[in-house]
Amino acid sequence: MKTPHKYIFVIGGVMSGVGKGIACSSIGTLLQAKGFSVNLLKVDPYLNVDAGTMNPTEHGEVFVINSGLETDQDMGNYERFLHRDLANDDYITSGMVYQHVISAERALKYGGHCVEAIPHIRDEIIRRFQHSAKVNQSDITVIEIGGTVGDYQNIMFIEAARTMKVYHPQDVVFVMVSYLPIPSKLGEMKSKPTQNAIRQLNSYGVNTDIIIARSEVPMDHKRKEKIAVSCSLPVENVISAPDIESVFDVSLNFEKDNLGNILLKSLHMKKRSTGKGMGEWEDFAKKVKSVTKPVNIAIVGKYFNTGDFVLTDAYVSVLEAIKYSAYSLGRKPVIHTINARDYEGEKAKTADFGALKKFDGIIVPGGFGETGIEGKLAVIKYAREKKIPYFGLCYGMQLMIIEYARNVLGLKDANTAEINPNSSAVVIDIMPDQKKKLAEGNYGGSMRLGAYESKLKEGTIAMKAYGKEIISERHRHRYEVNPEYIKKIEDAGLVFSGVSPDGRLMEIAELPKNKHPFFLGTQFHPEFLARPLAPHPLFTEFIKVAINKKNRN
Ligand code: GLN
């Protein structure tokens, strides 16, 4: 008989931001290494139907999966740690669930019954959990419930999980990722907040099977026991998860604490001998810690400032992509965040452009709207003229085209329709398919989204990097290179080295190697496909050139 599908629900205790997503991803890595096929599912309790309409400064990066669904940045971690693509069914928001139930109600699907949170919302959640397991054909689904215990927003999801456990007690486990603070005045690790979180979870009728206790330092046995007793658990089910140097060590630490086997035992599963073990992951994690020679990469963006904090969450996939390629080349990635606004307007007059030379490479990542655009254009111009390796991602490619049109073709007014549709040279224009959606005020999911193929041109940097003619990459944009300008731009020296298979859309632009060591932009987001065990070829090529400084001006 086939073993029934197993579910691991991961819930946060005490506070958010303690690494629940990394814990889930690492559980995935660990169980995969033990020979089980795993899919990870993220529950976002927001009423947004997808993450596409959320501001990156507030919510972090919008991660696009192959299908085009716009999801939470945790999904990026899942794909990176599992080294596998995820499906639409691996992402659930409250908005999706409610929208489905309300539409069904409007279509008289409930046969005149009163439609209520219990059972209808709960059952729709359960249906989605089970459907994701089916679509993925996996052995185990790890489900991260967003937020922390005690939030109003995630109660329905916890209730759905509890109900599943009532019917299938052997197939469902709960893991709580909690936090044990060490107040500086006391200098002692306090377990009370975690005990309270456990009690809060108990009040929902759920007892956790495993606790992952996050803290600055490893937890001592006394505290482990205290928590074990207060949550009626064997002490070995309390896993100490101290802060560590690199997130890639988390799964290795979990393995040391036997978490994989404890999970399998709690799920009534037998160990398998087919797993390939953690060897490859261990080698990677070791490399991360052993590289010392730096490569300095600057990211010029605008989503950095939230109050007094500098937030890099908005570009997390870009940062990760840089890191994996740097590690693979034996370099320590040192990433500098540059605020584009420091290079425009009044500030441009005094800005120290020369300081940009200290970077081995410059990236302008994706973005929207007008803020910081002139600053980014000024930096791109400098990188082009001084032959500093430049990599433009999506908006970063569109701006590279605008800069080239303004300063090389002499079209001083060149712009994107996103900023000035009345410019005399709209070199980046709205895609016809998107015009209609916008006219209807339909912004959610209204872009060109998800995986599309491109055809690469022989003899280009892109072709050399990928080593093949047809590639597939993920997109998220409304605008594209205006076909009317393609010939003019090419005549002026820029090469469109990647185009859509029908030749209509320009996907990669680059300057030939004899003109610039690396001046390349992609209309897609290569960062979404970079994985620790499979760095992205374009990022690797960019870093390779960045390391080799001899071609600079
Ligand atoms: N704002 C640009 C567009 O919509 C670029 C989008 C992006 O960088 N993701 O086309």
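The values are calculated or read from the model by the stated rules, or taken from the named source; none is laboratory data. These numbers come from a predicted model, not from an experiment. Neighbour counts are summed over all protein chains in view; Cβ atoms, including those assigned to glycine, are modelled from backbone coordinates with ideal geometry.
Somewhere in segment 250-262, is a residue within 16 Å of G35 (Cα to Cα) and among the acidic types (D, E)?
Scanning segment 250-262, I find at least one residue that is within 16 Å of G35 (Cα to Cα) and among the acidic types (D, E), so the answer is yes.
Scan segment 248-290 residue by residue and report those that are out of contact with any Phe, Trp or Tyr (no Cβ under 8 Å at 6 or more places or on another chain), aliphatic (A, V, I, L, M) and over 23 Å from F174 (Cβ atoms).
Listed by number, the list holds a single entry, M278.
Residues that are at pLDDT 90 or above: which helices (runs of 4 or more DSSP H) entirely in segment 1-110 hold 3 or more of them?
Where helices (runs of 4 or more DSSP H) fall fully within segment 1-110 and carry at least 3 residues being at pLDDT 90 or above, they are 20-33, 73-82, 94-106.
Let's see how each residue does on (1) touching a strand residue (DSSP E or B) at 6+ places or on another chain (Cβ under 8 Å); (2) within 26 Å of S325 (Cβ to Cβ):
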site: G60; (1), (2): no, yes
site: I65; (1), (2): yes, yes
site: L82; (1), (2): yes, yes
site: M96; (1), (2): no, no
site: I102; (1), (2): no, no
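Give segment 103-139 a look and list any residue that's of a type in the set (D, E, K, R) and closer than 20 Å to H168 by Cβ, or say none.
R122, D123, E124, R127, R128, K134, D139
So, in segment 352-366, of the ones that are surrounded by 18 or more Cβ atoms within 10 Å (Cβ to Cβ) and of a type in the set (A, V, I, L, M), which residue ends up nearest to the ligand (Cβ to nearest atom)?
Here the answer is V364.
From the set of residues in segment 379-398 that are of a type outside the set (A, V, I, L, M, F, W, C) and in a helix (DSSP H, G or I), which is farthest from the ligand (Cβ to nearest atom)?
E385
Test of understanding: among K270, K286, which residue is farther than 30 Å from L399 by Cβ, out of contact with any strand residue (DSSP E or B) (no Cβ under 6 Å at 6 or more places or on another chain), of a type outside the set (S, T, N, Q) and assigned to a loop (DSSP other than H, G, I, E, B)?
When all the criteria are applied, what remains is K270.
So G369 ticks every box in (1) within 14 Å of the ligand (Cβ to nearest atom); (2) crowded, with 18+ Cβ neighbours inside 10 Å but one. Which box is left unticked?
Looking at each condition in turn, G369 falls short on (2).
Could you list all residues from segment 111-123 that are among the small types (G, A, S) and in a loop (DSSP other than H, G, I, E, B)?
The answer is G111, G112.
Looking at I212 and the list (1) surrounded by 21 or more Cβ atoms within 10 Å (Cβ to Cβ); (2) of a type in the set (V, I, T); (3) assigned to a helix (DSSP H, G or I), which single condition is not satisfied?
Only one criterion in (1) surrounded by 21 or more Cβ atoms within 10 Å (Cβ to Cβ); (2) of a type in the set (V, I, T); (3) assigned to a helix (DSSP H, G or I) is unmet by I212, namely (3).
Mind checking which residues of segment 71-89 are surrounded by fewer than 24 Cβ atoms within 10 Å (Cβ to Cβ) and out of contact with any Asp or Glu (no Cβ under 8 Å at 6 or more places or on another chain)?
Scanning segment 71-89 gives L82, H83, R84, A87, N88, D89.
Taking the condition of being touching a residue at least 24 places away in the same chain (Cβ under 8 Å) and not in a loop (DSSP other than H, G, I, E, B), how many residues in segment 146-180 meet it?
Going through segment 146-180 one residue at a time, the tally reaches 22.
With the condition being away from the ligand (no atom under 16 Å from the Cβ) and at pLDDT 95 or above, I'd like the strands (runs of 3 or more DSSP E) fully within segment 403-519 carrying at least 3 qualifying residues.
The strands (runs of 3 or more DSSP E) meeting that bar are 448-456, 470-477, 495-499.
Please list, ordered by first then second residue, the pairs with beta carbon atoms under 6 Å, 6 or more apart or interchain, first in segment 363-381 and closer than 14 Å to K347 by Cβ, second of a type in the set (V, I, T).
Sorted first by the residue in segment 363-381, then by its partner, the pairs are K376/V300; K376/V364; V379/V300.
Residues checked against (1) in a loop (DSSP other than H, G, I, E, B); (2) aromatic (F, W, Y); (3) in contact with a strand residue (DSSP E or B) (Cβ under 9 Å, 6 or more places away or on another chain):
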| site | (1), (2), (3) |
| --- | --- |
| I322 | no, no, yes |
| G330 | yes, no, no |
| I335 | no, no, yes |
| D342 | no, no, no |
| A348 | no, no, no |
| G354 | no, no, no |
| K357 | no, no, no |
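Keeping to segment 293-318, report how many residues are closer than 19 Å to A383 by Cβ, at pLDDT below 95 and part of a helix (DSSP H, G or I).
1
Go through (1) at pLDDT below 95; (2) in a loop (DSSP other than H, G, I, E, B) for Y204 and report which single condition fails.
Among (1) at pLDDT below 95; (2) in a loop (DSSP other than H, G, I, E, B), Y204 violates only (1).
Under 7 Å between Cβ atoms, which residue pairs at least 6 apart in sequence (or on different chains) link something in segment 474-499 that is of a type in the set (A, V, I, L, M) with a partner that is assigned to a loop (DSSP other than H, G, I, E, B) and within 12 Å of the ligand (Cβ to nearest atom)?
Between residues of segment 474-499 that are of a type in the set (A, V, I, L, M) and residues that are assigned to a loop (DSSP other than H, G, I, E, B) and within 12 Å of the ligand (Cβ to nearest atom), the close pairs are V499/L505.
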